[in-house]
Amino acid sequence: MPLILDQPKVEQTPVSLKDINKARLSRPKNDDGSPLYPDYMPFYDPLEKVEDLGVFEHFDPGHRADPSFPNLLAGATKFFDLSPHVGTEIHGVQVSKLDSKGLDELALLAAQRGALVFRDQDFGDLGFEKQKEIVRHFGPLHIHGWAPHPAAGSVEHMIIYDHKDDLRVRRSWAGKSPVQWHTDQSPEPQTPGTTFICMLESPSTAGGDTLISSSVQAYYSLSPKFRKRLEGLTAVHSNNDGAAAELKNGKDAVMRREVLSTEHPVVIVHPVTKKKALYVNPVYTKYIVGFDKEESDYLLNFLYNHIATRQDFSCRVRYEAGTVLVWDQRVTNHSQTLDYPVGDRRHAFRLTPLANKPIPAMVEEDDGECARDVQRMQLNLC
């Protein structure tokens, strides 16, 4: 028989739930519960009106960029992709310190990767004017039709705010899923391009992330024959539902501009990368022009489901205070996640440069794309 030795008993110290909670990483909060950035608190003025920007000429700064990114990535300590098709996280680069060449390269990399995440940024401490100066490099700044801006000024700063003292965002999504894929302000005649979110204060432990999906891969993952059926189609985008939700706030409702309704291509081309992208979203896209309602609903619902369920070309951006997200809205859809406890504070601002009028993809019967798709060729799907 094998010799069995007595094993020494190991004393285990019980760990209390209190100790576990102490060890859990929490995000910065003021002890008295006040906001970390009081100058960026939301301000609502029901009497405020603004004029539409009108038509303007847009030259994308990505055209000037060095594709080796020497000015953007010179100080990077590390960078890595969040998923194969969308999202890259960059450490060691302060966006506020980039010169015009670095910002040009930022535009190009955002167009290529869809979304860029920068950590430990001083962007939130620069002040309104410096923040706007940087982001105007990418285009004139959009003013939202009803979302709040800071009480201290700057109507271009769209404040993202959710807290027990202001449940306006929660109420707007009551009775439906808060996960709603969209491209911001797609009803604008000239739609957003390289956009910034600066996180000021995140929920205590987790949650409040942004989901991002590649509209480029959403297009290219469809079969070539189906893609050709989409090219040449146009759809109407309108913000009438959002305006109707805002009007439910009664005398406190803000309506700075008229409701927008604009026709855009279903498949667009990015002006710099020349990549095609699916340009529909369930928040703003209403119907396919020239289709009967049943036909339009059937096709759009398929495309919305395609965007929502294909997690193989999406990523999830987790925020900390000081995180800056830069993403190109011409090649992505995104969604909020109201998954944190009701009443916890989530506080950020968005600066949204408008860009070019969406460029329609040319209708091509056979452009050889299927033959260049290695996976489809391997599976004999061409």
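The values are calculated or read from the model by the stated rules, or taken from the named source; none is laboratory data. Being a predicted model, the structure only gives us computed values, none of them experimental. Heads up, the Cβs are rebuilt from the backbone with ideal geometry, glycines too, and the neighbour counts pull from every protein chain shown. Ligands, DNA and RNA are excluded from the accessible area calculation, which covers all protein heavy atoms including side chains. Shrake-Rupley method; radii C 1.70, N 1.55, O 1.52, S 1.80 Å.
Structure data summary
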| read-out | value |
| --- | --- |
| Complete set of residues in region 224-261 that are part of a loop (DSSP other than H, G, I, E, B), open to solvent by less than 40 Å² (accessible area, probe 1.4 Å) and charged (D, E, K, R) | E231, R256, R257 |
| Conditions (1) in contact with a strand residue (DSSP E or B) (Cβ under 6 Å, 6 or more places away or on another chain); (2) under 24 Å from V331 (Cα atoms); (3) open to solvent by 60 Å² or more (accessible area, probe 1.4 Å); number of the one not met by I90 | (3) |
| Some residue of region 113-127 being closer than 30 Å to D45 by Cβ and either among the β-branched types (V, I, T) or modelled with pLDDT under 95 (or both) | no |
| Meets criteria (open to solvent by less than 10 Å² (accessible area, probe 1.4 Å) and either within 30 Å of D32 (Cβ to Cβ) or of a type in the set (K, R) (or both)) for S213 | no |
| Residues (in a helix (DSSP H, G or I) and more than 20 Å from K225 (Cα to Cα)) located in region 264-296 | K293, E294 |
| Residue in region 158-174 that is under 28 Å from G62 (Cβ atoms), open to solvent by 20 Å² or more (accessible area, probe 1.4 Å) and either in contact with a Leu (Cβ under 8 Å, 6 or more places away or on another chain) or not in a loop (DSSP other than H, G, I, E, B) (or both) present | yes |
| Members of region 108-137 that are closer than 23 Å to Y279 by Cα and over 16 Å from the mean Cα position of the chain (by Cα) | L108 |
| Any pair with Cβ under 7 angstrom, 6 or more apart, that starts in region 53-64 at a residue that is more than 18 Å from I143 (Cα to Cα) and ends at one that is surrounded by 15 or more Cβ atoms within 10 Å (Cβ to Cβ) and among the acidic types (D, E) | P61/D104; G62/D104; R64/D104 |
| Residues of region 226-247 that turn out to be closer than 22 Å to D312 by Cβ and touching a residue at least 40 places away in the same chain (Cβ under 8 Å), as a count | 2 |
| Conditions (1) touching a residue at least 24 places away in the same chain (Cβ under 8 Å); (2) open to solvent by 10 Å² or more (accessible area, probe 1.4 Å); number of the one not met by S177 | (1) |
| Residue that is more than 18 Å from the chain's Cα centre (by Cα) and not basic (K, R), where the choices are V272, V216 | V272 |
| Positions within region 337-380 being over 18 Å from the mean Cα position of the chain (by Cα), surrounded by 13 or more Cβ atoms within 10 Å (Cβ to Cβ) and closer than 30 Å to L36 by Cα, in sequence order | Y340, D344, R345 |
| Candidates L98, L82, L108, L141 - the one that is open to solvent by 50 Å² or more (accessible area, probe 1.4 Å) and at pLDDT 95 or above | L82 |
| Selection from region 112-123 of residues that are open to solvent by 10 Å² or more (accessible area, probe 1.4 Å) and either in a helix (DSSP H, G or I) or out of contact with any helix residue (DSSP H, G or I) (no Cβ under 7 Å at 6 or more places or on another chain) (or both) | Q112, R113, R119, D120 |
| Residue that is most open to solvent (accessible area, probe 1.4 Å), among those in region 287-323 that are touching a strand residue (DSSP E or B) at 6+ places or on another chain (Cβ under 9 Å), polar (S, T, N, Q) and within 30 Å of A348 (Cα to Cα) | Q311 |
